[in-house]
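A.B. asks: Mind looking over this structure? Questions follow.
The values are calculated or read from the model by the stated rules, or taken from the named source; none is laboratory data. Please read all numbers here as calculations on a predicted model, not as lab measurements. With ideal geometry, Cβ positions are generated from the backbone for all residues, glycine too; neighbour counts draw on all protein chains shown. Ligands, DNA and RNA are excluded from the accessible area calculation, which covers all protein heavy atoms including side chains. Shrake-Rupley method; radii C 1.70, N 1.55, O 1.52, S 1.80 Å.
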Amino acid sequence: HLGNDAGLHHGSGFLAGLEHPFSGLDHLCAMVAVGIWSAMTTRRIWLVPAAFAAMLAVGALLGADGLTLPGVEPAIAASLLIIGLLVATRVHLPGPVCAMLIGAFAVFHGLAHGTELAGATVFAAALAGILVGTMLLHLSGIGIGLTLKSRNPLSARILGGGVAMFGAVLLAHLA
C-alpha cells in the first residue's frame, strides 16, 4: 500500500509479488502479528492465517475488477491498530470469529493490492507471490508466537503494543 505495489506493474511477476510483503512495513507488521495472535490464542493456529490469505486474494480480485471502497488506507491502518491490540491483550475469541474479523481486514489489504495491480499483465503471478510471501510471514509470526507463549509472553504484549502504535500513527497521518 502507500505506493509499494506500483513496481509490480513492471516487475517480474511472482518474484515482485513475493518481495512485496517484506518491503511494505504495514503488510509485514500485520502478517507477523496475525501469526503471533493466532499462535498465542487459538487452538487451530492455521485457521486465522488461512482466512487472511483467502480473503486477501478475494479483495485483490475484487480490486482488480474495479471495486473501490472509501477508506481503504484508513481501514488498513485500523487493522494494524486492532491486530496489535489483540496481540497485546491476548484476547481469546472463538476460531470462526477470529477468522471472520481477520478476514474482513484482509479484504482491505487485498483491495489495495488489486486496485494497484489492475490491468497488469503479471497480475496472477504477482498475486501468487504476494500470497506466498504473506503465508511465510504468517508462519514466522506463528513461530514467534509459539516461542513467546511458552518463554516470554510479556514480549508478545510489547510487540503487539508496537504494532498497535504503528497503526495509530498511520491513522493519525491519514486523518
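A.B. asks: Would you check which residues across the range 138-162 are of a type in the set (A, V, I, L, M) and open to solvent by less than 50 Å² (accessible area, probe 1.4 Å) and list them?
C.D. replies: If the condition is that a residue be of a type in the set (A, V, I, L, M) and open to solvent by less than 50 Å² (accessible area, probe 1.4 Å), then Ile142, Leu148, Ala156 are the ones that fit.
A.B. asks: Restricting attention to the range 59-92, report how many residues are touching a helix residue (DSSP H, G or I) at 6+ places or on another chain (Cβ under 8 Å) and open to solvent by less than 60 Å² (accessible area, probe 1.4 Å). Before you say what the answer is, go through the steps one by one.
C.D. replies: So in the range 59-92, the residues touching a helix residue (DSSP H, G or I) at 6+ places or on another chain (Cβ under 8 Å) come out as 59-65, 67-69, 72-92.
Adding the requirement that they be open to solvent by less than 60 Å² (accessible area, probe 1.4 Å) leaves 59-60, 63-64, 72-81, 83-84, 86-88, 90-91.
So the answer is 21.
A.B. asks: Considering (1) farther than 15 Å from Phe108 by Cα; (2) in a helix (DSSP H, G or I), say which one Glu73 fails and leave the rest.
C.D. replies: (1)
A.B. asks: If you don't mind, there's one more thing I want to ask. Looking at this structure, is Ala175 open to solvent by 60 Å² or more (accessible area, probe 1.4 Å) and of a type outside the set (Ser, Thr, Tyr)?
C.D. replies: Numbers: open to solvent by 60 Å² or more (accessible area, probe 1.4 Å): yes; of a type outside the set (Ser, Thr, Tyr): yes.
Taking the combined requirement at face value, the residue satisfies it.
A.B. asks: Also, I was wondering about something else. Say whether the condition of being open to solvent by less than 60 Å² (accessible area, probe 1.4 Å), more than 16 Å from the chain's Cα centre (by Cα) and of a type in the set (Ser, Thr, Tyr) is met by at least one residue in the range 101-122.
C.D. replies: Residues of the range 101-122 that are open to solvent by less than 60 Å² (accessible area, probe 1.4 Å), as a first pass: 101-114, 116-118, 120, 122.
Then drop every residue that is not more than 16 Å from the chain's Cα centre (by Cα), which leaves 116-118, 120, 122.
Restricting the remaining residues to those that are of a type in the set (Ser, Thr, Tyr) gives none.
No, that holds for no residue.
A.B. asks: May I pose another question? Which one of these is modelled with pLDDT of 95 or more, part of a helix (DSSP H, G or I), of a type in the set (A, V, I, L, M, F, W, C) and surrounded by fewer than 16 Cβ atoms within 10 Å (Cβ to Cβ): Met135, Met165?
C.D. replies: Numbers: Met135 fails: surrounded by fewer than 16 Cβ atoms within 10 Å (Cβ to Cβ).
Of the residues listed, the single one that is modelled with pLDDT of 95 or more, part of a helix (DSSP H, G or I), of a type in the set (A, V, I, L, M, F, W, C) and surrounded by fewer than 16 Cβ atoms within 10 Å (Cβ to Cβ) is Met165.
A.B. asks: Where residues in the range 1-52 are of a type in the set (D, E, K, R) and assigned to a loop (DSSP other than H, G, I, E, B), which of them is modelled with the highest pLDDT?
C.D. replies: Let us first name the residues in the range 1-52 that are of a type in the set (D, E, K, R), namely 5, 19, 26, 43-44.
From what is left, the residues that are assigned to a loop (DSSP other than H, G, I, E, B) are 5, 43-44.
Numbers: Asp5: 45, Arg43: 88, Arg44: 91.
Result: Arg44.
A.B. asks: Can you give me the number of residues within the range 77-123 that are in a helix (DSSP H, G or I), within 16 Å of Ala16 (Cβ to Cβ) and touching a residue at least 60 places away in the same chain (Cβ under 8 Å)?
C.D. replies: Number satisfying all stated conditions: 4.
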